[in-house]
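A.B. asks: Once you've had a glance at the structure underneath, I'll fire off some questions.
Every read-out reported here was derived from the displayed coordinates using simple, explicitly stated rules and does not represent laboratory data. None of the values given here were measured: they were computed from a predicted structure. Neighbour counts are summed over all protein chains in view; Cβ atoms, including those assigned to glycine, are modelled from backbone coordinates with ideal geometry.
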Amino acid sequence: MEEQTVITGAIPAIISIELWEKVNVIMKMRANNSEKAKLRAKHVYLLSGKVFCGNDECGKLYAGESYISRGREYGYYKCSGKCGNKSVDKGLLEEVIVEQLNNLCFTNNAMKSIATRVSALYRERRSNVADEIEPIKKELSSLVVKLNNWIDLIGEGLLDRAVLAGKIKEANEKKTFLESQLLKTQIIRSNNGINEEAIIFILKKQKHLLFSSSLEERKQVVQEFVDSVYVLHKEDGGIDIKLNVRVTNGGGELTLLKHLTFQYQK
Ligand SMILES: [Zn+2]
């Protein structure tokens, strides 16, 4: 089951913009329909699970927390390792990361360069994938033969059901895995590369969501693009922030990482 999940996610979503749109619509509906989501929106931490302590000896997660003072709620990210590295203001950190994310991925130049690199990676992947199809097909057909033999043997009462039941279950799971693997390679193979315009189209949609008035939508984009943020307070009062941005083709198959270190004063 675990393997299946991974494979589903690895089928390049970029292949079908229609599908992408459908997913977006569904996610939007979910966000709108859920009263819980609305209530939670107040406490949305855009960088939830992405911020880490920049103290080499610690490296623990900076978790989102909040406190209420004089009727106002203040959010911050705090080192869960309690190493002494100070907390950072939620609003400030999120603002600065969104700004840098925008610079790295969503300016016209950045989108163009991402599109070029992703489509080059995709072409490379496509030429390699041709060699993967036949071995998968062979493995799949020998697995089917094996399965049919076992089923025949059970039918004829020649083998113990209980003993083979486990094996058959295992083989069926393997079969499902191979089938999705085959589907994935065939999709990549049959697609004439990724159109750079299509990538830019998707990036523009994501940029739109990044600056949406809905925090849930903003979080969706931040969570997809931000790989990790490392925070380190310095003695002069500034904060060193290392941002790792991850750009995928939408399905997680291809990944580009960008690193950026900068500091800001409170
Ligand atoms: Zn720490």
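A.B. asks: State the dimensionless ratio Rg/Rh of region 127-190 (Rg: radius of gyration of Cα atoms; Rh: Kirkwood radius).
C.D. replies: 1.13
A.B. asks: Anything over 26 Å Cα to Cα? Flag those among Lys90/Lys112; Lys90/Lys207; Lys60/Lys234; Lys60/Lys219, in the order listed.
C.D. replies: Pairs exceeding the cut-off: Lys90/Lys112.
A.B. asks: Can you tell me the length gained on complete extension of the stretch Tyr74 to Lys205, counting 0.36 nm per residue apart and subtracting the Cα distance?
C.D. replies: 44.1 nm
A.B. asks: I would also like to ask the following. Which of the trypsin sites (Lys or Arg not before Pro) found in region 164-236 are in a DSSP loop and have at most 11 neighbouring Cβ atoms, other than their own, within 10 Å?
C.D. replies: When the trypsin sites (Lys or Arg not before Pro) of region 164-236 are filtered for loop state and at most 11 Cβ neighbours within 10 Å, Lys234 remain.
A.B. asks: Quick one: the Cα spread of region 158-249 along its three principal axes, in angstroms, biggest first?
C.D. replies: For region 158-249, the Cα extents along the three principal axes come out at 78, 40, 25 Å.
A.B. asks: Taking 0.36 nm per residue of separation and subtracting the Cα-Cα distance, what length does fully extending Arg117 through Leu92 add?
C.D. replies: Once the chain is fully extended between Arg117 and Leu92, it gains 5.9 nm.
A.B. asks: Can you tell me the order of 91-104, 118-131 when each peptide is scored by its average per-residue count of other Cβ atoms within 10 angstrom, highest first?
C.D. replies: The most tightly packed comes first, giving 91-104, 118-131.
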